[in-house]
Structures are given as C-alpha cells and as structure tokens.
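Below is one structure, written out as structure tokens, with a few remarks after it.
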Amino acid sequence: MRILVTGGAGFIGSHLCERLLADGGEVVCLDNFFTGRKDNILHLMDNKRFELIRHDVIEPILLEVDQIYNLACPASPVHYQYNPVKTVKTSVMGMINLLGMAKRVKARILQASTSEVYGDPLVHPQTEDYFGNVNPIGLRSCYDEGKRVAETLMMDYHRQNGVDTRIVRIFNTYGERMLENDGRVVSNFVVQALQDKELTIYGDGSQTRSFCYVSDLVDGIVRLMNTEADDIHLPVNIGNPTEFTMNELAAEVGRISGKEVKITHLPLPADDPKQRKPNIERATRLLGWNPAVMLADGLERTVDYFRLRL
Ligand code: NAD
Ligand code: UDP
C-alpha cells in the first residue's frame, strides 16, 4: 500500500508516518516545512519504504498512491494567523488538488478536520451532527472556515464523483514534537515551567479543552481510514473527552514538571472558545476506538521530550 501523508513532517504527521511504516506501508511524506521540520522525520529517512517530497499543497502534483491523509495546514493559532490568506488557500486549494488526485487514481482520502468547525460551541459536549457556532469574519475564521469548506469539498466529491472519503474532526492533541514556539497551550505551559518562567494563562483560565495524546489520535485516524461502513463518509470526532480548565492544566503541568508554577494572566484572544469536549460515541461504535493515555501520563512524556530539547 502506497500512502501519501501531506503535512507529514509536522507534529501529528510525523507520528502518523512512523505508525504507517511500522504497519508495513510505503509512505510518501509531502511537506512545505512551514511548521514542520526535517528533525521530526530524520529517523525515518533510512527506511527504504519512506520518501520525502518538498511541495506546497496549493500547487497541483501528480502522484500514484492508494491512500491520502491530508494533514497539511498550520494548526496553532499563532501560525495560522501569521498569513491568514495562505491558510485559507492551504485548506481550500490544497483540498481541491488532493481530491482531484484521489479521483484520478481512485485513492481513499482522509481529511484532518478539526473541532474548530464547532466554533465557540453552544452544544456541549460536541456531537458530529452539531453545525457549530463559527464567526465567519474573525481572526480564527481563516482556519475554521477553511476547514469547513474542506469538509464541504470532501462531501461533494464523494456525492458527485464517488470519491472514497473520510473526515476526522480532531480535538486538541499534544505530545512529543510539538514546536517549542508553537503557541499552543500545552507546549507553552511545559516550556515555560521548565524554563522557570511564569505560565501565561489567557483570560481567567476557566475556559476548557479536552486533550488527546498523539498516539491515541494516530490510532483513531488509522482506524477510520481503514474502516468500511454505510455512514463512514460522515465526520467522526477523535479526541479525549476528559475536560480540563486552563487553570487545572497549569497546575497539572506544575505537578508533573516538579516546578512551582507562577502564573501571569494575559488577555483572552478574540473568539477563544469557552468550552470544548468531544462526544466520541460515533468513534467508539464505528471504530472500536477509545483513548488509552491519561493526561498525566501523556504530559509526563511531553515534559521529558521538552526537557531533552531545551
Ligand atoms: P503542524 O503545524 O505541526 O503540522 C502541519 C504540517 O503541515 C507542517 O509540517 C507544515 O509544514 C505542513 N504544511 C502547512 N501548510 C502546508 C502547505 N501549504 N503545503 C504543504 N505542507 C504544509 O500541526 P499538527 O498539530 O501536526 O496538525 C496536523 C493537522 O491536524 C492539521 O491539518 C491541523 O489542522 C489538524 N488538527 C490538529 C489539531 C491539534 O491539536 N494538533 C487539532 C485539530 C486539527
Ligand atoms: N492558552 C493559554 N495560554 C497559552 C496558550 C493558550 O491560556 O499560553 C489558552 C487559549 O486561550 C485557549 C486554550 O488555552 O483557551 C487552548 O489554546 P490552544 O491555542 O492550544 O488551542 P485552541 O484554542 O485552538 O483550542
């Protein structure tokens, strides 16, 4: 099986490449190295079944593959807001190019969508049939709406052209190979704690997120790619439903890093969702999937990783 992973040099993508190689696949990793790094995949370069292509998904490319995982897109608010027009192009033009490829070579394609399609959700926990509460003109819209259009394209190519599609809505994921300067909360808190800096809590810290360790996430999306069912083309939430406030997360990072945490409060970014927690009944029913790694264990591995890097 030849498998294309776009965004394969990124945080989640590099873990996915590793897993697919371990399962015996032939992996083509495609990345423009905006937020990805060669470091993340250096250990895979000697593998004869691994191939790396520097390419931007907004440009068409001709490849012959059996499966496509489309992960190409910056995921941290800091990075996706750096060039918002480019972020929209990556999600929309990238999706069109890859769906065109999937149609041409009859490959199955999985899109890495996001819990951000629910925006600042008014339904809690979020089920896949919730249409969301997204601001179409705000600072987060380039990411949220780009991902929503990508889902639309997936469904239309499926209905119109019979492309074999899978959509995963990924909830906050963390683990080794996040960037130190990524801007997302787990890497920020861990790096700040290890450097004896104040932890930057945005707002009063009462907003919630549900954090999924990267190996659990990768297992969920590989299962989704390889499962058949009547309604398998409709989105599936993958995330860990255990919900934490940012205050609780800060305390947990302090406990695990063995540091006495000092906190500083910074303004809450615009449109920051107040709460987020996946309903994962669909993933459990269709894929037999449940997260296995608790926050304390995943954080311990993440702290060890950053301790080495710093
Ligand atoms: P990441 O920033 O580490 O990885 C994204 C990768 O895509 C990077 O390697 C980057 O260089 C590459 N990329 C960006 N634009 C590209 C382009 N135009 N052409 C080719 N490559 C490009 O982020 P991540 O956390 O690994 O996220 C991977 C995917 O999962 C993204 O699509 C993201 O939206 C989605 N996702 C992640 C999370 C999360 O919590 N990490 C949550 C929801 C969805
Ligand atoms: N956040 C925080 N301090 C930080 C970075 C983020 O308090 O240094 C908050 C942020 O406001 C949000 C939550 O943590 O409420 C998760 O932010 P992240 O950027 O990791 O993911 P997203 O908002 O996209 O879920």
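The values are calculated or read from the model by the stated rules, or taken from the named source; none is laboratory data. For clarity, every value in this text was computed on a predicted model and none was experimentally measured. Because the Cβ atoms are built from the backbone with ideal geometry, glycine has one as well, and the counts that use them run over all protein chains shown.
In summary, residue 213 fulfils each of the numbered conditions (1) hydroxyl-bearing (Ser, Thr, Tyr); (2) under 20 Å from residue 140 (Cβ atoms); (3) out of contact with any Leu (no Cβ under 7 Å at 6 or more places or on another chain) with the single exception of condition (2). Number of residues in segment 160-173 that are part of a loop (DSSP other than H, G, I, E, B) and surrounded by fewer than 19 Cβ atoms within 10 Å (Cβ to Cβ): the value is 2.
The residue that is farthest from ligand 1 (Cβ to nearest atom), among those in segment 35-47 that are assigned to a loop (DSSP other than H, G, I, E, B) and surrounded by fewer than 19 Cβ atoms within 10 Å (Cβ to Cβ), is 46. Checking segment 57-68 against the condition returns a match, with at least one residue being more than 23 Å from residue 210 (Cα to Cα), touching a residue at least 12 places away in the same chain (Cβ under 8 Å) and not in a loop (DSSP other than H, G, I, E, B). Going by the structure shown, is residue 95 over 25 Å from residue 279 (Cα atoms) and within 20 Å of the chain's Cα centre (by Cα)? Yes, satisfied.
For segment 290-305, filtering for residues that are out of contact with any Phe, Trp or Tyr (no Cβ under 7 Å at 6 or more places or on another chain), under 15 Å from residue 249 (Cβ atoms) and either of a type in the set (Val, Ile, Thr) or in a helix (DSSP H, G or I) (or both) leaves 5. In segment 89-115, the residue that is surrounded by the fewest Cβ atoms within 10 Å (Cβ to Cβ) out of those that are in contact with a helix residue (DSSP H, G or I) (Cβ under 6 Å, 6 or more places away or on another chain) and in contact (Cβ under 8 Å) with a residue 60 or more places away in the chain is 103.
Annotation: residue 242 fulfils all but one of (1) surrounded by fewer than 22 Cβ atoms within 10 Å (Cβ to Cβ); (2) under 14 Å from residue 172 (Cα atoms); (3) out of contact with any strand residue (DSSP E or B) (no Cβ under 7 Å at 6 or more places or on another chain); the unmet one is (3). In summary, residue 116 fulfils each of the numbered conditions (1) out of contact with any Asp or Glu (no Cβ under 9 Å at 6 or more places or on another chain); (2) within 23 Å of residue 223 (Cα to Cα); (3) part of a helix (DSSP H, G or I) with the single exception of condition (1).
Do you know which residues across segment 192-203 are near ligand 2 (Cβ under 10 Å from one of its atoms), touching a residue at least 24 places away in the same chain (Cβ under 8 Å) and of a type outside the set (Gly, Ala, Ser)? Residues satisfying the conditions are 199, 200, 201, 202.
Residues in segment 95-113 that are out of contact with any Asp or Glu (no Cβ under 8 Å at 6 or more places or on another chain) and under 25 Å from residue 129 (Cα atoms): 95, 96, 99, 110, 112.
Residues of segment 174-191 that are surrounded by 19 or more Cβ atoms within 10 Å (Cβ to Cβ) and more than 10 Å from ligand 2 (Cβ to nearest atom): 175, 176, 177, 179, 190. Exactly one residue among 37, 54 is at pLDDT 95 or above, away from ligand 2 (no atom under 16 Å from the Cβ) and in contact with a Gly (Cβ under 9 Å, 6 or more places away or on another chain), and that residue is 37.
Note on segment 85-115: residues that are closer than 13 Å to residue 143 by Cα and among the basic types (Lys, Arg) amount to 2.
If we keep just the residues of segment 247-287 that are away from ligand 1 (no atom under 16 Å from the Cβ) and among the β-branched types (Val, Ile, Thr), which is surrounded by the most Cβ atoms within 10 Å (Cβ to Cβ)? The residue in question is 253. Pick from 214, 218, 163, 168: which is touching an Asp or Glu at 6+ places or on another chain (Cβ under 8 Å) and away from ligand 2 (no atom under 13 Å from the Cβ)? Matching residue, one of 214, 218, 163, 168: 214.
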